Amino acid sequence: MGKTKTAAATYTPQQPYTPVDSDFVLKHNEGEIAIDTNFASQSFWKDVTTRFFHKKSAVAGLFIVLFLILMAIIGPHVSGYDYSSQNLANKNLAPRIQGIENLGILDGSETMSTTTGTKKTNAYAEKKLYDTFYWFGSDRYGRDIWTRTWTGTRVSLIIAVAATFIDMVIGLSYGLVSGYFGGKTDIIMQRILEVMNGIPRLVIVTLLLLILKPGMLTIIFALMLTEWVGMSRIARAEMLKLKEQEFVLASKTLGAHSFHIIFAEILPNIIGPVITQVMFSIPTAIFTEAFLSFVGLGIPVPQCSLGSLISDGYNSFTTHPYQIVAPIVVMALLMLSFNLIADGLREALDPKMKEM
Amino acid sequence: MPERTKKNSVGKASKIVRKYIIKRVLTSIFTLLVILLVLFILMQLMPGSPFNDEKLNDSQRATLYAKYGLDQPVIVQFGRYVKNMLTGDFGVSYNISKNTPISQLLKTRLPISIKIGGAAVAMGALVGLILGLLAALKHDTWVDTICTIISVIGVSVPSYVFALLLSYQFGFRLKIFPMLFDAKRMLASSFLPSVSLSMFTMASIARFTRSEMLEVLDSDYMLLAESKGISGSSLIFRHALRNALIPIITVLAPLIVDLMTGSLVVEKIFAIPGVGSLLVNAIQSNDYNVVISLAFIYSAMYIGIMLVVDILYGVIDPRIRLAKEG
């Protein structure tokens, strides 16, 4: 307070300034002024792609997924073995790959631990199988683990597609409808959701498998009952944010049908969080399948999935550890890369949103 | 006057809290009833009644039905079923250990599972908190990168894969810890299962703590605290961490549930005589009665945990409650 008072006291009004002509001459600084071309307006998707590809982990995840998809398509056909044909003469053979075997690794030898100590054996040499190669080894029925691993990857990828589909169709529609109509519809739909969410997924899946036959369809059905809740919550929250906005009102005024407003007007505006949620639900679905197969409720034999391969390998993993390595690595890579992509997409689609 | 308005708003707030709690309790009870109904219907659908013995004639069967109340209306049967389940009378096991009451099976198994699960949650929460805190404080340095890598791996790799790797490396090859569960060496043999179960919890908590801490550290009140001259550990623990901790409570509930799922396989791998391995055995040997009782126990535990967490959270942070209301 004191300072302003003294300032006011020392201030003396000067003569009013009269502008002269020289004040209105152009400065001729065209060299300093430039039209900003660096920040030309970019489309939303271009922005997203740039941000996504700037994140190394996300790109790595994308490449791994593409690689695994490729391997799932061609993998089962290149080794020359069938995923289900058994050859008991060639059981429990360690991995052996042409070319690399000369380097002293992956040459079909394995270290056996016995009571007297460890010893190195080569079953290929013992059985005189000089022209036989099992790239990932063979299991206790003499089936090729390479072929089985990639066939199992197919199952996991199919589950991933199914989970995406379930999320998009059931979860999204449920959340959007519940949020858009509000009122009594919303209350009833949310109570149903709360009850569904109150039952542990494990219990739903277990009970379902008690009455239905284990198999791909049952697993997808089980996912259908459990997977949509997360997505519908997000869709509803986004809908509540958007439905009072002007463009919705405009569309309503023009006489648009509710169906059109929900799916053609609002849906494109919430696609970001929706895609992110889908990507996050894929690893969960893959995990659920693997878990069910491990417990013995998954894909029936002789078909296989990564989960059932891990379960098979587990039975002999102290004597033949290589049998479990390939499915575990592929499974971990699959889950990891989908998580990385999801992380990258979330940051790319909504840089302001906090990480969690 | 200001005092009065304050009192009013406090009264109003506690009223909302009470309403919220009552609502949550009612929803939970309703959910539990729905689950019981589903389980009851499943029991009716299951093939094989306990009285399928060929030797029984119709009148004997009728006597048995009367004895067990199976001749009464469905609604009465359901009422009795609810009463039995809630009082812990789950019936007997058919296949696993014939005619043993399930409650007796559970008496020895439940404590083991709870101990290992509890250890996993505690370990996961503590380590996760430390990792998340380190990552946030050393944001954008190599410490942060390492913590992030650990947490991404922990979230992505299923707990049973960890269990297999750990039991192979530390149990089979190095022989530091027992590979299989041994009741005499409780502490040593619960270590590996608890660690493998805690990985997911640890990773999720680390990620969550990191993002929450980053947000808190960036906030205006932290700037104020700093400019008031508060520094060092007091600043981080009393001002930042306390605020970051509130939302972390919410992620704990779903994590505990994931732990239940994980425990099924992990208990099988380490041959732990717990509830999870009982459920796996029951599923594999079609012991419906055990599966259904365990389904009920899992659901009840889940609903209980969710209820406690929701109420705790609602009481601690009124903003959440209001957001949920609206």
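The values are calculated or read from the model by the stated rules, or taken from the named source; none is laboratory data. Predicted model only: the values in this text are computed from it and were never measured. Cβ: placed from backbone, ideal geometry, glycine included. Neighbour counts: every protein chain shown.
With respect to B:ILE230, determine if the residue is within 20 Å of the chain's Cα centre (by Cα) and modelled with pLDDT of 75 or more. Reasoning before the result, please.
On the way: within 20 Å of the chain's Cα centre (by Cα): no; modelled with pLDDT of 75 or more: yes.
Criteria not met by B:ILE230.
Tally up the residues in segment A:178-217 that are β-branched (Val, Ile, Thr) and in contact with an Asp or Glu (Cβ under 9 Å, 6 or more places away or on another chain), please. Quick ask: steps written out before the conclusion?
Going through segment A:178-217, the residues β-branched (Val, Ile, Thr) turn out to be A:185, A:187-188, A:192, A:195, A:199, A:203-206, A:211.
Restricting the remaining residues to those that are in contact with an Asp or Glu (Cβ under 9 Å, 6 or more places away or on another chain) gives none.
Final tally of qualifying residues: 0.
Of the residues that sit in segment A:268-316 and are β-branched (Val, Ile, Thr) and within 13 Å of another protein chain (Cβ to nearest Cβ), which one is surrounded by the fewest Cβ atoms within 10 Å (Cβ to Cβ)? Break it down stepwise before answering.
Of segment A:268-316, the ones β-branched (Val, Ile, Thr) are A:270-271, A:274-276, A:278, A:282, A:284, A:286, A:288, A:295, A:299, A:301, A:310.
Remaining after also requiring within 13 Å of another protein chain (Cβ to nearest Cβ): A:282, A:284, A:286, A:288, A:295, A:310.
On the way: A:ILE282: 26, A:THR284: 18, A:ILE286: 24, A:THR288: 23, A:VAL295: 22, A:ILE310: 26.
So the residue we want is A:THR284.
What's the number of the only condition in (1) under 30 Å from B:LEU264 (Cβ atoms); (2) within 14 Å of chain B (Cβ to nearest Cβ); (3) of a type in the set (Val, Ile, Thr); (4) surrounded by fewer than 17 Cβ atoms within 10 Å (Cβ to Cβ) that A:VAL203 fails to meet?
Of everything listed in (1) under 30 Å from B:LEU264 (Cβ atoms); (2) within 14 Å of chain B (Cβ to nearest Cβ); (3) of a type in the set (Val, Ile, Thr); (4) surrounded by fewer than 17 Cβ atoms within 10 Å (Cβ to Cβ), A:VAL203 misses just condition (4).
Restricting attention to segment B:167-196, and to residues there that are within 12 Å of another protein chain (Cβ to nearest Cβ) and assigned to a helix (DSSP H, G or I), which single residue is nearest to B:VAL121 (Cα to Cα)?
The first filter runs over segment B:167-196 and keeps only residues within 12 Å of another protein chain (Cβ to nearest Cβ), leaving B:167-169, B:171-173, B:175, B:179-180.
Imposing the further condition that a residue be assigned to a helix (DSSP H, G or I) reduces the set to B:167-169, B:171-173.
Numbers: B:SER167: 20, B:TYR168: 23, B:GLN169: 23, B:GLY171: 22, B:PHE172: 25, B:ARG173: 27 Å.
It comes out as B:SER167.
Hey, can you tell me all the residues within segment B:206-249 that are part of a loop (DSSP other than H, G, I, E, B) and of a type outside the set (Lys, Arg)? It would help to see each step written out before you state the result.
Filtering segment B:206-249 down to residues part of a loop (DSSP other than H, G, I, E, B) leaves B:218-219, B:228-231.
Selection gives B:ASP218, B:SER219, B:GLY229, B:ILE230, B:SER231.
Residue-by-condition table, conditions (1) buried (at least 17 other Cβ atoms within 10 Å of the Cβ); (2) over 13 Å from the mean Cα position of the chain (by Cα); (3) touching a residue at least 40 places away in the same chain (Cβ under 8 Å); (4) more than 10 Å from every other protein chain (Cβ to nearest Cβ):
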residue: B:ALA240; (1), (2), (3), (4): yes, yes, no, yes
residue: B:VAL251; (1), (2), (3), (4): yes, no, yes, no
residue: B:THR261; (1), (2), (3), (4): yes, no, no, no
residue: B:GLY274; (1), (2), (3), (4): yes, yes, yes, yes
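Among the residues of segment A:218-246, count how many are of a type in the set (Phe, Trp, Tyr) and touching a residue at least 60 places away in the same chain (Cβ under 8 Å).
Within segment A:218-246, the subset of a type in the set (Phe, Trp, Tyr) is A:221, A:228.
Filter once more, so that each one left must be touching a residue at least 60 places away in the same chain (Cβ under 8 Å): A:228.
Of the residues in segment A:218-246, 1 are of a type in the set (Phe, Trp, Tyr) and touching a residue at least 60 places away in the same chain (Cβ under 8 Å).
Which one of these does A:PHE287 not meet: (1) closer than 18 Å to B:SER159 by Cα; (2) modelled with pLDDT under 80; (3) in a helix (DSSP H, G or I)?
Condition (2) is where A:PHE287 drops out.
Let's see how each residue does on (1) within 14 Å of chain A (Cβ to nearest Cβ); (2) in contact with a Leu (Cβ under 8 Å, 6 or more places away or on another chain); (3) assigned to a helix (DSSP H, G or I); (4) modelled with pLDDT of 70 or more:
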{"position": "B:GLU3", "(1), (2), (3), (4)": "no, no, yes, no"}
{"position": "B:LYS7", "(1), (2), (3), (4)": "no, no, yes, no"}
{"position": "B:ALA13", "(1), (2), (3), (4)": "no, no, yes, no"}
{"position": "B:LYS19", "(1), (2), (3), (4)": "no, no, yes, yes"}
{"position": "B:LYS23", "(1), (2), (3), (4)": "yes, no, yes, yes"}
{"position": "B:THR27", "(1), (2), (3), (4)": "yes, no, yes, yes"}
{"position": "B:LEU32", "(1), (2), (3), (4)": "yes, no, yes, yes"}
{"position": "B:VAL38", "(1), (2), (3), (4)": "yes, yes, yes, yes"}
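If I filter segment B:92-106 down to residues being free of Cβ contacts under 8 Å to residues at least 60 places away in the same chain, in contact with a strand residue (DSSP E or B) (Cβ under 9 Å, 6 or more places away or on another chain) and part of a loop (DSSP other than H, G, I, E, B), which single residue comes out as surrounded by the fewest Cβ atoms within 10 Å (Cβ to Cβ)?
B:ASN99
Only residues that are closer than 30 Å to B:LEU241 by Cα and out of contact with any Ser or Thr (no Cβ under 8 Å at 6 or more places or on another chain): list them for segment B:174-192, please. Please lay out each step first, then the result.
The initial filter retains those residues of segment B:174-192 that are closer than 30 Å to B:LEU241 by Cα, namely B:191-192.
Listed by number, the list holds a single entry, B:PHE191.
Looking at (1) modelled with pLDDT under 80; (2) surrounded by fewer than 19 Cβ atoms within 10 Å (Cβ to Cβ); (3) more than 10 Å from chain A (Cβ to nearest Cβ); (4) more than 30 Å from A:ARG236 (Cβ to Cβ), which is the only condition B:VAL315 fails?
Failed condition: (4).
Consider B:ILE153 carefully, then state whether it is surrounded by fewer than 16 Cβ atoms within 10 Å (Cβ to Cβ) and either within 11 Å of chain A (Cβ to nearest Cβ) or of a type in the set (S, T, N, Q) (or both). Break it down into steps so the answer makes sense when it comes.
Details: surrounded by fewer than 16 Cβ atoms within 10 Å (Cβ to Cβ): no; either within 11 Å of chain A (Cβ to nearest Cβ) or of a type in the set (S, T, N, Q) (or both): yes.
In short, no.
What's the number of the condition A:SER258 fails, among (1) buried (at least 17 other Cβ atoms within 10 Å of the Cβ); (2) within 13 Å of A:SER173 (Cα to Cα)?
With respect to (1) buried (at least 17 other Cβ atoms within 10 Å of the Cβ); (2) within 13 Å of A:SER173 (Cα to Cα), A:SER258 is out only on (1).
For residues that are assigned to a helix (DSSP H, G or I) and loosely packed, with under 15 Cβ neighbours inside 10 Å, scanning just segment A:169-189, find the one that is farthest from the other protein chains (Cβ to nearest Cβ). Let's see the steps before the verdict.
Residues of segment A:169-189 that are assigned to a helix (DSSP H, G or I), as a first pass: A:169-181, A:183-189.
Restricting the remaining residues to those that are loosely packed, with under 15 Cβ neighbours inside 10 Å gives A:169, A:183-185, A:187-188.
On the way: A:VAL169: 24, A:GLY183: 14, A:LYS184: 16, A:THR185: 17, A:ILE187: 12, A:ILE188: 13 Å.
In this case the residue turns out to be A:VAL169.
Does segment A:249-260 contain any residue that is modelled with pLDDT under 80 and either within 13 Å of another protein chain (Cβ to nearest Cβ) or not in a helix (DSSP H, G or I) (or both)? So that I can check it myself, show each step before the final result.
In the first step, residues of segment A:249-260 are kept if they are modelled with pLDDT under 80; the result is none.
No, segment A:249-260 contains no residue that is modelled with pLDDT under 80 and either within 13 Å of another protein chain (Cβ to nearest Cβ) or not in a helix (DSSP H, G or I) (or both).
Quick one: which of B:PHE200, B:PHE162 is within 21 Å of A:MET335 (Cβ to Cβ), in contact with an Asp or Glu (Cβ under 8 Å, 6 or more places away or on another chain) and not β-branched (Val, Ile, Thr)? First the steps, then the outcome.
Values: B:PHE162 fails: in contact with an Asp or Glu (Cβ under 8 Å, 6 or more places away or on another chain).
B:PHE200 is the lone residue from the list that is within 21 Å of A:MET335 (Cβ to Cβ), in contact with an Asp or Glu (Cβ under 8 Å, 6 or more places away or on another chain) and not β-branched (Val, Ile, Thr).
So in segment A:343-356, with the set limited to residues that are within 12 Å of another protein chain (Cβ to nearest Cβ) and in contact with a Ser or Thr (Cβ under 6 Å, 6 or more places away or on another chain), which one is modelled with the highest pLDDT? If you could, list the steps in order and put the result at the bottom.
Of all residues in segment A:343-356, those within 12 Å of another protein chain (Cβ to nearest Cβ) come to A:343-344, A:346-347, A:352-356.
Subsequent filtering for residues that are in contact with a Ser or Thr (Cβ under 6 Å, 6 or more places away or on another chain) retains A:346, A:354-356.
Details: A:ARG346: 81, A:LYS354: 43, A:GLU355: 42, A:MET356: 38.
Of everything passing the filter in segment A:343-356, A:ARG346 is modelled with the highest pLDDT.
Taking the conditions exactly as written (closer than 30 Å to B:SER159 by Cα, in contact (Cβ under 8 Å) with a residue 40 or more places away in the chain, within 14 Å of chain B (Cβ to nearest Cβ) and not in a helix (DSSP H, G or I)), does A:PRO214 satisfy them or not?
On the way: closer than 30 Å to B:SER159 by Cα: yes; in contact (Cβ under 8 Å) with a residue 40 or more places away in the chain: yes; within 14 Å of chain B (Cβ to nearest Cβ): yes; not in a helix (DSSP H, G or I): yes.
It is true that A:PRO214 is closer than 30 Å to B:SER159 by Cα, in contact (Cβ under 8 Å) with a residue 40 or more places away in the chain, within 14 Å of chain B (Cβ to nearest Cβ) and not in a helix (DSSP H, G or I).
Condition first: in a helix (DSSP H, G or I) and more than 9 Å from every other protein chain (Cβ to nearest Cβ). Now tell me which residues in segment B:132-148 satisfy that. Steps first, please.
Here is the first cut: in segment B:132-148, the residues in a helix (DSSP H, G or I) are B:132-137, B:142-148.
Across segment B:132-148, the qualifying residues are B:GLY132, B:LEU133, B:LEU134, B:ALA135, B:ALA136, B:LEU137, B:TRP142, B:VAL143, B:ASP144, B:THR145, B:ILE146, B:CYS147.
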